[in-house]
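Below is one structure, written out as structure tokens; the observations come after it.
The values are calculated or read from the model by the stated rules, or taken from the named source; none is laboratory data. Worth saying up front: this structure is predicted, and the values here are computed from it rather than measured. Ideal geometry is used to build each Cβ from the backbone, glycine not excepted, and the neighbour counts take in all protein chains shown.
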């Protein structure tokens, strides 16, 4: 820090930073110089953006189980070897449990796991970083999750820093504080009343995360925190995240932590093929109950998909697709596309069907865009497109998709009627798992 | 059509990059097997590792049936301790290292983790020693077998295939049935065996005492508590299903000790009867002669190899997980090296050091086996005390704290264990 110019120095002097570990266990003396005990915790108010310290807690001694608490504004000096109070020991009261928007930082944060919303990670807090704004205005600004914090807690910071400066002055460790700004910190061990204050922040930030990141956070959390966080998600976010969770055990576990009504809402938001895959992992009676609670239309799709054995093309397909009658014009087709597009996962292929639902052709979005609005679909559709029967194997699906370079492959029944499609991402998953097995086999 | 498809590929939705079903499909298939075999049974099978087989063989060969009586109290102690960890895992959803860190702070956690790391390094060395001994029976030089085994173990985890192989290991544990059959074929005096099981036959002799403590120490090791609790958490067992988890733990403990008993009986009925001392792995293999005749060495080697490799796969990984979780470093085999350097560093270091020591010429193997026992012994009292403190915390466990009777048994067991391990450490040092 030294040698950075006077301005910087003055700024540092007024607004010093304080690590919680340097305050923890410091002896506390009252105004008359009487030893009170050692600092064991600080309470901060969550109402402000950077929570100010409002109370301190003093542990009287090893054999005195009841700690004392006082207002932080009564602290006269905390930067020396000891903490000196501006008041008499009698001004302190027995410590109380905190509930109304205030938390004890040691109890809730220190050594606990938090979610770092900026990095979408679950991390453990090694130290807390406070900013000194005024004489008794101390604000929680960062949590420290780095190895330096760990070393500081062990009481080895000076020794290791000194050694490193001599041995390897350019070591990355010396400048490698890993601090997370308080706004991005989501504490996990909060009780319900405090949780609700942070929850609005959480939900806004979660909305900005990619579902795959939320899925990874959920996977990294322990079972109870995982359930709590999942319950706080709105059905749409929950559905996206659930689809991204890789481990089916965790998927079913998550679905079982919410009420059946909530679970049904989440399943409705998922693509039917994903929902069907998930439901097939659950006990049959749960599946039936959930399908019963879902909207009739969505449940019908899923129920249909569940009837196909998982190792067939039918078990792989989704029923969400765009199928249009052959005698529609391109202009009318666009109008219909706009209606259904929000509901459908993949609109890059438009399937053309006749009056009985038989597959007669396929169009790409590109060919639709290039065509004149009054052209009929039957005139521009590619006839006799590649297709599979719903009993075909995954391998033959993969073969066809690979051969014709398709993004999606239509699936038909015995009467050549279009019943679903398989998208390339599901095929890729199949191929990758085959490759995996081959690697194991060799 | 083809070119269009290619151009369209820019619009391929982001889901494309997700390979969720790759893992999904085969994990789902595995569930069938894994659902039956729980963490308790896996822990128990890893418990009968190289050190276990060696200790039980020596106990039977040197002292005949006279150590059998220790097994029933050991079973009770093992069940009591393991059950508390499984219960904590289910109720809190957290591993033992996490709980110690969250409730007792950095310093305590750091020293316990250092001790766990050292103890498990010594244990890993012992496992690789088991691999070397087993393959030397087949005439494979340790300079070949050890690097190969170390690479294999590393590959298992890095390529994420451990879960599949775990089942192979478990199935190969059927080998222990060989001791069962051998035990019967050797026609031991069953009346005597049964009497010796229940009637304590305590001898105030130095070597007898050391062996008693070794049997207890090898059966109840600190890594087992960390491993079991993490495995229970990992499996996401719900409170409603805790009953099954408890059965799994109890069955696992009983199986582990029954295997130990049959190893002792088989060795007692053969080696002890014929006054054959165990000096090499070849000697220990002769306990299986009633079953396998001249193939007994091959059978023993196979079993020892499987047990050692199984434990060598589990120990470094679970240690790396535990230490990193306790100290707040990123973990996970699916992470990149850059994301979790400490995790991969610890994991690799345990395997590399564990195998390297075996390759040193004139390496004092026996001393390391002893050292691993000493380190386990030093660590166990601390671990037990933390388990008991944590499991009785109302704020963590709610109504699942120990009952008064259970506490009496648990504290009694722990006090006895602590006294025994202190004696062992004293005797070994």
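Which of the residues that make up segment B:392-405 are within 22 Å of residue B:73 (Cα to Cα) and touching a residue at least 60 places away in the same chain (Cβ under 8 Å)?
Scanning segment B:392-405 gives a single hit, B:402.
Could you tell me which of the residues A:139, A:172, A:124 is under 36 Å from the mean Cα position of the chain (by Cα) and under 30 Å from residue A:219 (Cα atoms)?
Among A:139, A:172, A:124, only A:124 is under 36 Å from the mean Cα position of the chain (by Cα) and under 30 Å from residue A:219 (Cα atoms).
Here is a list of conditions, (1) closer than 30 Å to residue B:167 by Cβ; (2) assigned to a helix (DSSP H, G or I), and residue B:94 meets all of them except one; can you say which number that is?
(2)
Test each condition in (1) crowded, with 20+ Cβ neighbours inside 10 Å; (2) more than 22 Å from residue B:91 (Cβ to Cβ); (3) at pLDDT 85 or above for residue A:265 and report the one that comes out false.
(1)
For segment A:207-270, which helices (runs of 4 or more DSSP H) that fit wholly inside it have 1 or more residues that are under 20 Å from residue B:330 (Cα atoms)?
A:211-220, A:223-232, A:248-257
Kindly provide the set of residues from segment A:315-327 that are within 14 Å of chain B (Cβ to nearest Cβ) and not in a loop (DSSP other than H, G, I, E, B), ordered by number.
Across segment A:315-327, the qualifying residues are A:315, A:316, A:318.
Quick one: is residue A:151 over 30 Å from residue A:47 (Cα atoms) and not in a loop (DSSP other than H, G, I, E, B)?
yes
If you take the residues of segment A:81-122 that are in a strand (DSSP E or B) and within 14 Å of chain B (Cβ to nearest Cβ), which of them is surrounded by the fewest Cβ atoms within 10 Å (Cβ to Cβ)?
Top of the filtered list is A:121.
Residues to consider are A:180, A:197; find the one that is assigned to a helix (DSSP H, G or I) and either outside the structural domain of residue A:17 (by TED's automatic domain parsing) or at pLDDT 75 or above (or both).
Of the residues listed, the single one that is assigned to a helix (DSSP H, G or I) and either outside the structural domain of residue A:17 (by TED's automatic domain parsing) or at pLDDT 75 or above (or both) is A:197.
Of the numbered conditions (1) surrounded by 20 or more Cβ atoms within 10 Å (Cβ to Cβ); (2) assigned to a helix (DSSP H, G or I), residue B:107 satisfies every one except a single condition; which is it?
Residue B:107 satisfies every listed condition except (1).
Take residue B:227 and tell me if it is away from every other protein chain (no Cβ under 14 Å), within 22 Å of the chain's Cα centre (by Cα) and modelled with pLDDT under 90.
Answer is no for this residue.
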